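Here's the structure, in structure tokens; my notes come after.
Bear in mind these aren't lab numbers, they're just calculated from the coordinates by the rules spelled out. Remember, it's a predicted structure, so these values are computed and weren't measured experimentally. Cβ placement follows ideal geometry from the backbone for every residue including glycine, while neighbour counts extend to all protein chains displayed.
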Amino acid sequence: MADSQYVGILESEWLKKTEELVKAHPLKTQEIKAVVLQAWADIFESRLGPKRFQIGKDIFPKPQIMGFFLHELIPLEFSARYPKRWRGERTKLDKDMVYIPDDRFSIEIKTSSHPSQVFGNRSYAQEGETQGNKRKSGYYLTVNFGKFAGKSGNPKILLIRFGWIDHCDWIGQASAKGQQAHLTAAADKYKLLTIYRGE
């Protein structure tokens, strides 16, 4: 599965192929959705230190920190549920979530505080199938969430999507100093299935 799953398939048929790939994955979308929402809730339930400081009450982390928590908690939850099947990343060869029986089903996780878009490092858009030694193509779980905004309550999960992204689906920033990459419009539309949309 290192090669594109969409070779020879018309763009108009990409969505059907994505649905097939998602259906073939050992994790079902309902469970993925439940774990992401639980991980998000767990962030706000956690207490820090003897004074039991609480995120959303005493601490209001920037989006990068909230994304980091999600990025760590989601694999931890799956590895706790299925210790012989799932584990988190251990080496630079690993995806963020490793499916132990068959690495073809391992998952890369992308989080963003943008309402709908997700971003990768600029290296994702550079030529070559690997980033370092990690394959860029494969299954992706993307999560978009809101930001803290004054005293209006805790931010929510806005969007959860799951699908297959190829390394050629990423476009780097035009600026030589730009460090981000974004998905092509077609990949964003047809290669990620929406499994949850917040209110």
What is the helix-to-structure angle for 29-45, meaning the angle in degrees between its Cα long axis and the longest Cα principal axis of the chain, kept from 0 to 90 and rounded to the nearest 10? 30
Rounded tilt (10° steps) of 14-24 against the dominant C-alpha axis of the chain: 70
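Can you give the FRET efficiency for Val7 and Lys92, using 1/(1 + (r/R0)^6), R0 = 30 Å, r = Cβ-Cβ distance, to the nearest 0.05?
Here the calculated transfer efficiency is 0.65.
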Sparse-neighbour loop sites [trypsin sites (Lys or Arg not before Pro); the range 23-80; at most 13 other C-beta within 10 Å; DSSP]: Lys28, Lys51, Arg52, Lys57
Using a Gaussian network model of the chain with C-alpha springs under 10 Å, which one of Arg135, Arg104, Arg87 is most mobile by mean-square fluctuation? Arg104
Links that overshoot a 19 Å alpha carbon limit, given the list Lys62/Lys147; Lys33/Lys191; Lys23/Lys191: none
Amide H contacts under 5 Å for Ser116, placed H, 5+ residues apart: none
Estimated [θ] at 222 nm from DSSP helical runs (n ≥ 4, -39500 (n - 2.57)) normalised by residues in the chain, nearest 500: -8500 deg cm²/dmol
What does the charge dipole of the chain about its Cα centre add up to, to the nearest 20 debye, if the Cβ of each Lys and Arg holds +1 and the Cβ of each Asp and Glu holds -1? 720
Which number do you get for Rg(Cα) / (2.2 N^0.38 Å) in the range 1-103? 1.37
Would you report the distance distribution of C-alpha pairs in the range 15-73 as whole percents per 10 angstrom bin, up to the bin with the largest distance? 19, 38, 24, 14, 5, 0
Area projected by the alpha carbon convex hull of the chain, averaged over all directions, nm²: 12.7
Among Leu93, Leu70, Leu48: highest mean-square fluctuation, GNM of the chain, C-alpha pairs under 10 Å: Leu48
